[in-house]
């Protein structure tokens with residue numbers, strides 16, 4: 001645990017000691033704030049009687065888009081940069097396991113994401129002061145954002161673990177995530193046999209219930225499994241150095 005925390009502190013310091021961490025946090029806050037303001041303005045002008053259905057569904061679907069855009073840029077350097085600079089091989093010479101390195105980096109990225117997500121609470125909190133509403137749907141939406149963010153970070157770490165090029169890492173992450181998000185976008189073009197299979201892989205379908213204010217534990221389990229799967233791939237990619245004769 002102490003070695004995991006050491007990697008975590010090192011990674012978090014590296015992130016915020018340079019402009020990248022602050023720029024990503026600002027971009028996340030500005031985009032999320034703009035989407036919240038625009039959806040609220042649309043709701044006030046054209047909304048209906050149901051606040052959860054008329055506002056929060058669209059707000060959290062916009063928030064997940066911001067996460068989809070920002071998180072691959074957060075994770076792209078975590079292993080790729082160290083491979084390029086040679087510091088990853090130096091890290092392997094220390095008494096630290098691959099799992100501890102991976103856990104430390106995952107924890108650092110998750111905390112950075114949590115801080116970004118915390119900045120979006122300002123909008124709903126301000127609205128509640130002027131127009132109190134049931135907080136259950138909002139909590140469900142943020143629960144979905146946390147689970148989705150963990151999955152996006154895990155996918156980004158897996159992509160970063162297989163290359164030393166940060167751009168390649170980011171594009172690989174975008175490719176996987178966009179495919180999984182839009183895999184059932186045109187269900188009419190899918191056969192009856194293929195559609196149910198792809199439906200189980202769709203990030204959109206597994207997140208949509210949270211955006212509607214509903215916590216379905218089947219979707220919770222799927223997102224957790226999604227995160228665990230990509231963390232497993234990242235761990236295997238790090239362990240591959242053994243048969244390459246590295247370390």
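Numbers at a glance
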| item | result |
| --- | --- |
| Residue 60 vs. criteria surrounded by 16 or more Cβ atoms within 10 Å (Cβ to Cβ), under 15 Å from the mean Cα position of the chain (by Cα) and at pLDDT 90 or above | yes |
| One residue from 174, 113 being in contact with a helix residue (DSSP H, G or I) (Cβ under 8 Å, 6 or more places away or on another chain), crowded, with 20+ Cβ neighbours inside 10 Å and in contact (Cβ under 8 Å) with a residue 24 or more places away in the chain | 113 |
| Selection count where residues are surrounded by fewer than 16 Cβ atoms within 10 Å (Cβ to Cβ) and closer than 19 Å to residue 145 by Cα, scope the stretch 1-43 | 6 |
| Residue within the stretch 136-159 that is in a loop (DSSP other than H, G, I, E, B), farther than 15 Å from residue 77 by Cβ and touching a helix residue (DSSP H, G or I) at 6+ places or on another chain (Cβ under 9 Å) present | no |
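The values are calculated or read from the model by the stated rules, or taken from the named source; none is laboratory data. This one's a predicted model, so the numbers in the text were calculated from it and none came from an experiment. Note: ideal-geometry Cβ built from the backbone for every residue, glycine included; neighbour counts use all protein chains shown.
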